[in-house]
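Read the structure below first, then the notes.
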Amino acid sequence: MRWRMKHLSSSNSHLPALPGLYAIGHEEKIHGLEIARFYVYVGQTANLRRRMNEHTPEKEMNEPLRKYLRNNFSRAKCWYTTDVDTGRERTRLERALIRSLLPQFNRK
């Protein structure tokens with residue numbers, strides 16, 4: 001599976017309007033060297049471009065995630081893949097990632 005990365009603060013017009021799986025988070029760096037990566041939200045969607053336009057500090061409906069985005073929007077990133085064939089497979093992978101990564105803003 002091939003994952004790509006995009007800064008949330010940049011235009012989402014370059015994201016594909018395709019089904020996909022995604023993770024939102026940020027990296028911690030020391031002197032420009034990445035030392036850790038934190039995933040705070042994992043999701044799947046039928047249209048990545050539309051969904052990422054909803055993950056903004058102004059539009060986000062998940063209140064804890066909205067607060068995170070308000071405070072971290074300039075460093076927040078989205079990792080995404082469109083290499084998933086079916087909605088059933090996206091859902092299975094989304095659940096597996098949530099179990100593994102334990103993103104703090106996914107609702108229980």
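Of the residues making up the stretch 86-94, one or more are modelled with pLDDT under 95 and not charged (D, E, K, R).
Filtering the stretch 68-94 to residues that are out of contact with any Leu (no Cβ under 7 Å at 6 or more places or on another chain) and part of a strand (DSSP E or B) leaves only Trp79.
Within the stretch 34-44, the set of residues being of a type in the set (Val, Ile, Thr) and over 13 Å from Cys78 (Cα atoms) comprises Ile35 only.
Looking at Pro16, Pro57, which is the one that is in contact with a Phe, Trp or Tyr (Cβ under 7 Å, 6 or more places away or on another chain), outside any strand (DSSP E or B) and modelled with pLDDT under 95? Exactly one residue qualifies, and that residue is Pro57. Of everything in the stretch 25-42 that is closer than 17 Å to Arg4 by Cβ and free of Cβ contacts under 8 Å to residues at least 60 places away in the same chain, the residue that is surrounded by the fewest Cβ atoms within 10 Å (Cβ to Cβ) is Glu34.
Figure legend. Inter-residue proximity from the stretch 95-106: first residues assigned to a helix (DSSP H, G or I), second residues surrounded by fewer than 17 Cβ atoms within 10 Å (Cβ to Cβ) and at pLDDT 95 or above, beta-carbon distance below 6 Å, spacing 6+ or different chains. No pairs are indicated.
Summed over the stretch 8-17, the residues that are loosely packed, with under 13 Cβ neighbours inside 10 Å and touching a residue at least 40 places away in the same chain (Cβ under 8 Å) give a count of 1. Each residue in the stretch 52-76 was checked for being surrounded by fewer than 19 Cβ atoms within 10 Å (Cβ to Cβ) and in contact (Cβ under 8 Å) with a residue 12 or more places away in the chain, and 10 of them qualify.
The values are calculated or read from the model by the stated rules, or taken from the named source; none is laboratory data. Just so you know, these numbers come straight off a predicted model, no measurement behind them. Please note: Cβ atoms are built from the backbone with ideal geometry, for glycine as well, and neighbour counts cover all protein chains shown.
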